[in-house]
Amino acid sequence: MGLLFLFVGKTKEGFVREGLDKYEKLAGHFVKLEVRELKGSSASDRQTAIEEEADAMLDRVGPGDILVALDERGNNPTSVEFAGELSKFIESGKTVVFAIGGPFGISDRIKARAQLVLSLSRLTFTHEMARLVLMEQAYRALTIIKGRTYHY
């Protein structure tokens with residue numbers, strides 16, 4: 001049980017890496033947490049790349065895991081609503097896997113397998129910035145669940 005973050009490709013921006021490390025450490029006080037950066041596809045064709053990356057992600061999602069896929073067309077909850085969803089997932093005792101694809105996005109196969117398809121905003125972020133926003137929101141959700149004062 002815990003949270004697993006699957007990110008396609010390495011985090012190259014230093015300030016994003018610093019932020020990820022910060023929120024990974026903070027969130028780790030509440031739950032077991034793991035971040036895995038998966039090798040991105042070298043395919044030049046967009047759809048081939050997306051499907052190869054989906055294979056790598058699905059290889060790491062167990063049959064009983066709860067999958068949350070990030071997609072710009074997904075559900076766009078408030079932080080409090082997201083905390084409610086995350087709380088239910090955590091209470092199930094299953095591992096919650098968050099999946100962010102590479103620059104081309106995420107496969108329909110991932111979205112079909114997901115219990116929640118999540119959008120962080122109606123704005124578009126780079127996949128690296130989406131990682132940072134997701135990690136901060138996961139930490140924020142955990143503080144809401146635990147009744148801490150991070151979220152006002």
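Of note:
- Acute angle (nearest 10 degrees) that the helix 79-91 long axis makes with the longest principal axis of the chain, alpha-carbon atoms: 90
- DSSP beta bridges in the range 1-137 [antiparallel fraction, %, rounded to 5]: 5
- Rounded to the nearest 10 degrees, the inclination of helix 14-27 to the longest alpha-carbon principal axis of the chain is 40 degrees.
- Assuming charge only on the beta carbon of Lys and Arg (+1) and of Asp and Glu (-1), the dipole of the chain about its Cα centre is about 400 debye to the nearest 20.
- Computed from Cα positions, the angle between helix 46-58 and the longest principal axis of the chain comes to roughly 50 degrees.
- In summary, the lysines within cross-link reach of residue 32, defined as a Cα separation below 20 angstrom excluding same-chain residues under 8 places away, comprise 22, 88, 94, 146.
- Förster radius 25 Å - calculated FRET efficiency between residue 13 and residue 73 (Cβ-Cβ, nearest 0.05): 0.50
- Solvent exposure of the range 89-138, expressed per residue, is 45 Å² of accessible area, with all protein chains present and a 1.4 angstrom probe.
- Whole-number D in µm²/s for the range 81-152 (Stokes-Einstein; Kirkwood sum over Cα pairs; 4 °C, 1.567 mPa s): 96
- When shorter helices are ignored and each DSSP H run of at least 4 residues is given -39500 (n - 2.57), the per-residue value for the chain at 222 nm works out to -14000 deg cm²/dmol.
- Spacing of the two label points (7 Å from each Cα toward its C-beta) at residue 32 and residue 122, in nm: 4.0
The values are calculated or read from the model by the stated rules, or taken from the named source; none is laboratory data. Predicted model only: the values in this text are computed from it and were never measured. For neighbour counting, all protein chains shown are included, and Cβ atoms are generated from backbone atoms with ideal geometry for every residue, glycine included. Keep in mind that these areas ignore ligands, DNA and RNA; they rest on the heavy atoms of the full protein, side chains included. Shrake-Rupley method; radii C 1.70, N 1.55, O 1.52, S 1.80 Å.
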